[in-house]
1. At pLDDT 95 or above and in contact with a strand residue (DSSP E or B) (Cβ under 8 Å, 6 or more places away or on another chain): is that true of residue 293 in this structure?
2. How about the range 146-166: which of its residues are more than 14 Å from residue 290 (Cα to Cα) and buried (at least 16 other Cβ atoms within 10 Å of the Cβ)?
3. Keeping to the range 118-147, report how many residues are closer than 22 Å to residue 242 by Cα and free of Cβ contacts under 8 Å to residues at least 40 places away in the same chain.
4. Could you go through the range 257-266 and let me know if any residue there is over 22 Å from residue 182 (Cβ atoms) and in contact with a strand residue (DSSP E or B) (Cβ under 9 Å, 6 or more places away or on another chain).
5. In the range 185-197, how many are loosely packed, with under 15 Cβ neighbours inside 10 Å and either under 19 Å from residue 235 (Cα atoms) or at pLDDT 80 or above (or both)?
6. Is it fair to say residue 369 is surrounded by fewer than 17 Cβ atoms within 10 Å (Cβ to Cβ) and at pLDDT below 95?
């Protein structure tokens with residue numbers, strides 16, 4: 001295995017095996033020699049005077065199968081992993097045995113890119129062995145109609161595992177943050193007695209405290225809105241489903257389902273490439289949403305925004321969130337005019353270059369600058385920050401834009 005490809009995983013590799021080999025590996029110089037030997041790879045001693053044995057040899061074999069073979073050229077499935085689904089499934093099982101989850105995910109992505117593993121993901125036995133993550137879901141979705149029916153149900157289970165985990169991590173915080181924002185946006189200044197928010201009323205009137213009477217004179221009452229079950233705000237998620245936006249599509253589907261569960265929030269989910277698909281009716285299940293997408297293809301942001309604009313009925317109570325890298329294949333000037341028109345009507349407009357943990361992708365800087373000139377800054381957003389972004393938009397206050 002070459003040093004350049006193995007170094008990125010060497011630290012995690014040696015760390016992950018230190019426990020299993022600590023009883024047989026002396027401390028000090030021998031351990032350092034062992035780690036260097038793992039970095040160098042290969043079947044011989046590689047100049048260290050020490051051969052790889054046992055677990056170390058098995059780890060090196062798994063790395064060699066991936067990194068010491070020629071990249072996939074479209075004519076085969078990658079000689080290093082063999083040409084059959086069972087051999088790939090065994091390799092996937094091996095790397096899950098020898099490496100931590102974070103390293104397994106990196107190796108799976110490298111196998112997909114280098115050796116054409118995506119083809120073998122069409123086999124149920126391969127899918128059952130993979131470590132499920134957002135990037136794997138994106139790969140499965142990109143396979144689309146090429147996926148045979150016998151694999152589709154296994155793929156749905158893999159996708160559901162990822163979306164369920166994301167929802168567990170993100171749902172509670174999102175509901176709490178947006179619930180508070182919706183409550184604050186619904187406050188009224190002339191509430192009925194039973195609707196008075198006494199805590200905020202007292203805070204708002206502390207300057208009217210009368211020491212001689214030991215009381216506060218509430219010149220301004222703050223109350224909660226009575227229509228807690230009524231729709232108070234509308235959100236339109238407009239999501240680019242081009243191939244580079246796969247992770248953003250997965251997170252948008254999960255957030256769309258969470259937002260749709262808030263009774264006082266009406267949520268619409270629209271995905272687009274050169275065509276536009278409204279997936280709002282599927283929002284009760286993120287898996288159905290994701291299997292309704294079609295990753296890849298061109299991009300027509302103007303057409304997508306035209307559809308979203310036509311569905312806005314209460315502009316002053318609407319937030320439009322465009323999630324796209326802004327590479328526009330449609331009519332650029334019309335796209336910008338639509339954004340300007342929606343803002344002029346009173347709608348809040350948010351432009352996210354991505355909704356993922358990877359940071360900002362490659363994006364059209366000219367279009368991002370044009371949106372910024374309209375008062376719509378374009379920036380990448382992590383899933384953890386998204387609830388705060390939405391809360392600020394619903395309350396019409398400055399967005400907490402991350403630095404960089």
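The values are calculated or read from the model by the stated rules, or taken from the named source; none is laboratory data. Computed from a prediction, not measured in an experiment: that's the story for all the values here. Here the Cβ positions follow ideal geometry from the backbone for every residue, glycine too, while neighbour counts run over all protein chains shown.
1. Spelling it out, it is not the case that residue 293 is at pLDDT 95 or above and in contact with a strand residue (DSSP E or B) (Cβ under 8 Å, 6 or more places away or on another chain).
2. Matches in the range 146-166: 147, 151, 154.
3. Qualifying residue count, the range 118-147: 11.
4. Taking every residue of the range 257-266 in turn, none turns out to be over 22 Å from residue 182 (Cβ atoms) and in contact with a strand residue (DSSP E or B) (Cβ under 9 Å, 6 or more places away or on another chain).
5. 0
6. no
One line per residue, one yes/no per condition, for (1) crowded, with 18+ Cβ neighbours inside 10 Å; (2) closer than 30 Å to residue 294 by Cα; (3) at pLDDT 80 or above:
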position	(1), (2), (3)
200	no, no, no
214	no, no, yes
220	no, no, no
230	no, no, no
237	yes, yes, yes
246	yes, yes, yes
249	yes, yes, yes
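Yes/no matrix, rows are residues, columns are (1) closer than 30 Å to residue 182 by Cα; (2) surrounded by fewer than 22 Cβ atoms within 10 Å (Cβ to Cβ):
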residue: 300; (1), (2): no, yes
residue: 305; (1), (2): yes, no
residue: 313; (1), (2): yes, yes
residue: 344; (1), (2): yes, yes
residue: 353; (1), (2): yes, no
residue: 361; (1), (2): no, yes
